[in-house]
Amino acid sequence: RSFPLPTADVDAQGRVYVAWQDCRFRAACTANDVVLSTSEDGVTWSQPARLTRDGGSDFVPALAVDRSTGRLALAYHRCTGSPCRIDVLLSRSRDVGASWGRPQLVNAQPMRTAWLPTTTSGRMVGDYIGLSWSRGRPVAVYSLAAPPRGGALRQAIAAAPVP
């Protein structure tokens, strides 16, 4: 339902990393995964590699490089079930993106689409997600919705360091 929202970062050697949501690895493009492409010079790019394979539809990623160690972190939303249950997950790579660790759940409570604002394209979580490294740990910043109260939406920005 949305166009790819790329996220990018650069390591200490100047390698560029770009990740986005993409359905190319799914039969009939029924759901998205997060994919990654890299470049040493910004002109020639690697073929997109599939980063997520968790069975849901993954979207709106945030990517960050720890320039002191070369580690990568990826935060993203995942929709599973019907109605859609939205979680925020984080995965890390210690080898410049060649392999990724098991995703960790970031948000304590899954969000429901009914808790999200309605737009002309339907209910949307928005592209409110960011990721940075702080003191050797990735910190995800994301939008977190709670059940509406008295007909009013309840949505806030949360920050979560991931051990």
For residues in region 33-57 being of a type in the set (Val, Ile, Thr) and assigned to a loop (DSSP other than H, G, I, E, B), which is surrounded by the most Cβ atoms within 10 Å (Cβ to Cβ)?
-> 52
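If the requirement is being among the β-branched types (Val, Ile, Thr), within 23 Å of residue 4 (Cα to Cα), outside any loop (DSSP other than H, G, I, E, B) and open to solvent by 40 Å² or more (accessible area, probe 1.4 Å), which of these qualifies: 86, 157? Reasoning before the result, please.
Working: 86 fails: open to solvent by 40 Å² or more (accessible area, probe 1.4 Å).
Answer to the check: 157.
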When region 104-123 is examined, which residues are found to be in contact with a Lys or Arg (Cβ under 8 Å, 6 or more places away or on another chain) and not in a strand (DSSP E or B)?
-> 110, 113, 114, 115, 116, 117, 121
Where residues in region 108-136 are of a type in the set (S, T, N, Q) and over 17 Å from residue 63 (Cα atoms), which of them is most open to solvent (accessible area, probe 1.4 Å)?
-> 120
Name the pairs: first residue in region 1-28 and surrounded by 13 or more Cβ atoms within 10 Å (Cβ to Cβ), second residue in a strand (DSSP E or B) and basic (Lys, Arg), Cβ to Cβ under 7 Å, at least 6 apart or on different chains?
-> 25/50
Six or more apart or on different chains, Cβ under 7 Å: which pairs go from a residue in region 117-136 that's under 12 Å from residue 64 (Cβ atoms) to one that's among the charged types (D, E, K, R)? Could you list them?
-> 133/66
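Which one of 139, 60, 96 is in contact with a strand residue (DSSP E or B) (Cβ under 9 Å, 6 or more places away or on another chain), part of a strand (DSSP E or B), of a type in the set (Val, Ile, Thr) and in contact (Cβ under 8 Å) with a residue 60 or more places away in the chain? Write out each step before concluding.
On the way: 139 fails: in contact (Cβ under 8 Å) with a residue 60 or more places away in the chain; 96 fails: part of a strand (DSSP E or B).
On inspection, the qualifying residue turns out to be 60.
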Might you check whether a residue that is assigned to a strand (DSSP E or B) and either touching a strand residue (DSSP E or B) at 6+ places or on another chain (Cβ under 6 Å) or modelled with pLDDT under 95 (or both) occurs anywhere in region 24-32?
-> no
Yes/no for residue 80 being within 15 Å of the chain's Cα centre (by Cα), farther than 23 Å from residue 161 by Cα and of a type in the set (Val, Ile, Thr) | yes
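The values are calculated or read from the model by the stated rules, or taken from the named source; none is laboratory data. Remember, predicted model here, so these are calculated numbers, not experimental data. A quick note on method: Cβ atoms are made from the backbone with ideal geometry, for glycine too, and the neighbour counts reach across all protein chains shown. Remember, those area values only see protein heavy atoms, side chains included, never the ligands or the DNA or RNA. Shrake-Rupley method; radii C 1.70, N 1.55, O 1.52, S 1.80 Å.
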